[in-house]
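> Would you mind keeping the following structure in view while I ask a few things?
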Amino acid sequence: MKILNKLALIVCFLTGAIISAQKNYPQNYFRNPLNIPMQLAANFGAVRTNHFHMGLDLRTNSRENLPVVAAAEGYVSRIKVERYGFGNAVYITHPNGYTTVYAHLNKYYDKLDEYVKEKQYKDEQWEQDIAFRPGQFPVTKGQLIALSGNTGGSAGPHLHFEIRDTQTEECLNPLLFGFNIPDTVAPIISGLYWYDRRFSTYEPGANGIAVKKNGNAYTSEVIRVNSPSISFGIKAVDKANQGFNLGIYQAELFMDGKLIYGFSIDKVSYDDTRYLNGCIDYPKFIRDKTGIQHLSSLPGMKLQHYSLPNLSGIISLQDEEVHNIEIVLKDVNGNTSRLTTKVQLNKAGDRISSTDKTLVAGEGKTFATDHAELRFSKNAVYDAVNFNMVEKPSTETGVISHHIILNSPYIPVHDDYIVKIKPDRTLTREEKDKTVIVLDYGSDTKTVQGKWNGDWIEGLFDRLGTVKLVVDNNVPSVSPVWKEGAPVSSGSLRLKGATKVGDIVSFRAELDGKWLRFARVKDDFVYFFDEKCPKNSGLHTLKVMTINTAGNSNTQTFTFQR
């Protein structure tokens, strides 16, 4: 009886997930954090670069400074002020065991905003992460807590809203809490893919299958494969009545009527959110911006609460008969799409072979060339990679090493790896102090200062690409958007930051000798006029000190009239 009950629970896990999840979470306890109808620009679990989207992005009608209110009674337990990420954020802890998060804000409500501002001036530090006691800033349901904005990593005005388990800090799917967001649109399927699983999903990669749509039903021609071990991936979005491409909440894969894989995305912790890279076809996502979600488990994908236990999704074709495949996608409201097709094994083709340079999930490994060494942990990869690491001489000015090509930027790594590089020549102590490691991963670069150990320098990175050593003697700088010495009539001072290599890692501004609160907005620095620089206060001197990644510093002085 115990075995039968266990099997029944496994089979019903996904099909009953919506009902059980909504019973587990309080319904209608939390209100809409905006005073306009909730409209989604992104949902929980949507695919992002290196992470799942961990909440709801609520539209603010392309406007900033809309009132943001507390979703329920509680107290402000934390605020954050940061350049990227959440920008300005408020955390409210509630008595029912949950915490709500409100991000990309322009301004906190007056009492809280004044507290944060005073601390910034006291610390002489703009970025903040402040925890509060329960009695400091209590709030009631519907109370104004902030104004919406576009700060941090936001690409446009909106409110990012999360619900977390206060004790575990796991982010929970807010759509399971009974918010009134009408949705009658089933997920839309635009592509089906199969993978040869005898070696890795990365090699030889995705094989696309055309699909035909008839209402919420999809079909394809018989899929003839040349591998006895395969898996599937699906390209699909959820529209939710509002036109935006949202992420898929739930999927099931059946072969000949038997459930062989399923996932649903109810909760994810920030510690685990990078496992997204093991849930998608990462090479296709990075190279083509194509979002394909695997309907199978990769060996190094360890995300909890995501996929059904003991069901890998890997299909073993023991014969050359035609087998029935059904894929069922659902959103939180139960709107359902189905794709039916058939799969047949033709004569098996050649498989990718492992080599002595194969990196597999669960096993750390070290690779080396004449001038570089690379060390991976056992958690480095999600699937097998025949790793290729080569050196190429550089002719770039300021580059003092070979270019070290670390396989490909289209293969993900889960955690930081260590790269050690030896320069092409002997460096002076001054040159060593100004040496940085630059990683080029195609769409951008990352620069770190590194740590010297004898003639070798090492650094940590979490993406693959091409690394090199650069001696950076260039100073950072800022440039004002106002005319030197002229009156400033706008509501702010803006300085544009620039540094040739790396980033400006330290910024300090003093107005007439006293620290002034500049906010970091992407690469710029902005001061919003306040009582520290009132109107009609005359000519002012602004001294700005900056330091870049290599440790080069610069001091500049500007004047303006107010």
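> How many residues, within the range 241-254, are open to solvent by 30 Å² or more (accessible area, probe 1.4 Å) and either at positive phi or part of a strand (DSSP E or B) (or both)?
Residues in the range 241-254 being open to solvent by 30 Å² or more (accessible area, probe 1.4 Å) and either at positive phi or part of a strand (DSSP E or B) (or both): 3 in total.
> Could you list, in sequence order, all residues of the range 407-431 that are touching a strand residue (DSSP E or B) at 6+ places or on another chain (Cβ under 6 Å) and either buried (at least 18 other Cβ atoms within 10 Å of the Cβ) or of a type outside the set (A, V, I, L, M, F, W, C) (or both)?
If we filter the range 407-431 for residues that are touching a strand residue (DSSP E or B) at 6+ places or on another chain (Cβ under 6 Å), which is where we start, we get 411, 416-423, 431.
Within the range 407-431, Ile411, Asp416, Tyr417, Val419, Lys420, Ile421, Lys422, Pro423, Glu431 qualify.
> Please find, within the range 553-562, the residue that is nearest to Ile437 (Cα to Cα) out of those that are open to solvent by 40 Å² or more (accessible area, probe 1.4 Å) and assigned to a strand (DSSP E or B).
Ser553
> Then there's this: Go through (1) closer than 30 Å to Pro283 by Cα; (2) of a type in the set (Lys, Arg); (3) out of contact with any Asp or Glu (no Cβ under 7 Å at 6 or more places or on another chain) one by one and return the number of the condition Arg429 breaks.
Of the numbered conditions (1) closer than 30 Å to Pro283 by Cα; (2) of a type in the set (Lys, Arg); (3) out of contact with any Asp or Glu (no Cβ under 7 Å at 6 or more places or on another chain), the odd one out for Arg429 is (1).
> Against the conditions (1) surrounded by fewer than 22 Cβ atoms within 10 Å (Cβ to Cβ); (2) at pLDDT 95 or above, where does Ser297 fall short? Just the number, please.
Failed condition: (1).
Per-residue answers, yes or no, for (1) within 30 Å of Gly334 (Cβ to Cβ); (2) open to solvent by 10 Å² or more (accessible area, probe 1.4 Å); (3) among the aliphatic types (A, V, I, L, M):
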position	(1), (2), (3)
Pro138	no, yes, no
Ile145	no, no, yes
Gly156	no, yes, no
Asp165	yes, yes, no
Glu170	yes, yes, no
Leu176	yes, no, yes
Phe179	yes, yes, no
Pro182	yes, yes, no
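> Filter the range 37-54 down to the residues that are hydrophobic (A, V, I, L, M, F, W, C) and open to solvent by 10 Å² or more (accessible area, probe 1.4 Å), then identify the one that is farthest from the chain's Cα centre (by Cα).
Checked the range 37-54; the qualifying residue farthest from the chain's Cα centre (by Cα) is Met38.
> Based on this model, can you work out whether Tyr109 counts as hydroxyl-bearing (Ser, Thr, Tyr), open to solvent by 20 Å² or more (accessible area, probe 1.4 Å), touching a strand residue (DSSP E or B) at 6+ places or on another chain (Cβ under 9 Å) and within 25 Å of Val526 (Cα to Cα)?
On the way: hydroxyl-bearing (Ser, Thr, Tyr): yes; open to solvent by 20 Å² or more (accessible area, probe 1.4 Å): yes; touching a strand residue (DSSP E or B) at 6+ places or on another chain (Cβ under 9 Å): yes; within 25 Å of Val526 (Cα to Cα): yes.
Criteria met by Tyr109.
> In this structure, does Ile130 turn out to be buried (at least 22 other Cβ atoms within 10 Å of the Cβ) and of a type in the set (A, V, I, L, M, F, W, C)?
Values: buried (at least 22 other Cβ atoms within 10 Å of the Cβ): no; of a type in the set (A, V, I, L, M, F, W, C): yes.
When the stated conditions are applied, Ile130 does not pass them.
> Mind listing whichever residues of the range 181-225 are in a strand (DSSP E or B), farther than 30 Å from Ala361 by Cβ and touching a residue at least 60 places away in the same chain (Cβ under 8 Å)?
Ile188, Ala217, Tyr218, Thr219
> Further question on the same structure: List the strands (runs of 3 or more DSSP E) inside the range 492-543, counting only whole elements, that have at least 2 residues being of a type in the set (A, V, I, L, M, F, W, C) and either at pLDDT 95 or above or crowded, with 18+ Cβ neighbours inside 10 Å (or both). Talk me through it step by step, then tell me what you get.
Values: elements: 492-498, 504-511, 519-521, 524-528.
Passing ranges, in order: 492-498, 504-511, 524-528.
> A further question on this structure: Could you run through the range 27-47 and say how many residues are part of a loop (DSSP other than H, G, I, E, B), touching a residue at least 60 places away in the same chain (Cβ under 8 Å) and among the aliphatic types (A, V, I, L, M)?
Within the range 27-47, residues that are part of a loop (DSSP other than H, G, I, E, B), touching a residue at least 60 places away in the same chain (Cβ under 8 Å) and among the aliphatic types (A, V, I, L, M) number 2.
> Taking Arg133, is it touching an Asp or Glu at 6+ places or on another chain (Cβ under 9 Å) and modelled with pLDDT of 95 or more?
When the stated conditions are applied, Arg133 does not pass them.
> Are there any pairs with C-beta distances below 9 angstrom linking a residue in the range 69-90 that is of a type in the set (Asp, Glu) to a residue that is assigned to a strand (DSSP E or B) and open to solvent by less than 40 Å² (accessible area, probe 1.4 Å), with the two at least 6 apart or on different chains, and if so which?
Close Cβ pairs satisfying both conditions: Glu73/Ile92; Glu73/Val139; Glu82/Asn88; Glu82/Ala89; Glu82/Gln128; Glu82/Arg520.
> I've got another one for you. Take Asp383 and decide whether it is part of a loop (DSSP other than H, G, I, E, B), of a type outside the set (Lys, Arg), open to solvent by 20 Å² or more (accessible area, probe 1.4 Å) and over 30 Å from Asn473 (Cβ atoms).
no
> Taking Ala550 as meeting all but one of (1) farther than 21 Å from Lys122 by Cβ; (2) of a type in the set (A, V, I, L, M); (3) in a strand (DSSP E or B); (4) open to solvent by less than 20 Å² (accessible area, probe 1.4 Å), write down the number of the exception.
The single condition Ala550 does not satisfy is (3).
The values are calculated or read from the model by the stated rules, or taken from the named source; none is laboratory data. Keep in mind it's a predicted model, so treat the numbers as computed, not measured. Positions of Cβ are generated from backbone atoms using ideal geometry, with glycine treated the same way; all protein chains shown enter the neighbour counts. With ligands, DNA and RNA removed, areas are computed over all heavy atoms of the protein, side chains included. Shrake-Rupley method; radii C 1.70, N 1.55, O 1.52, S 1.80 Å.
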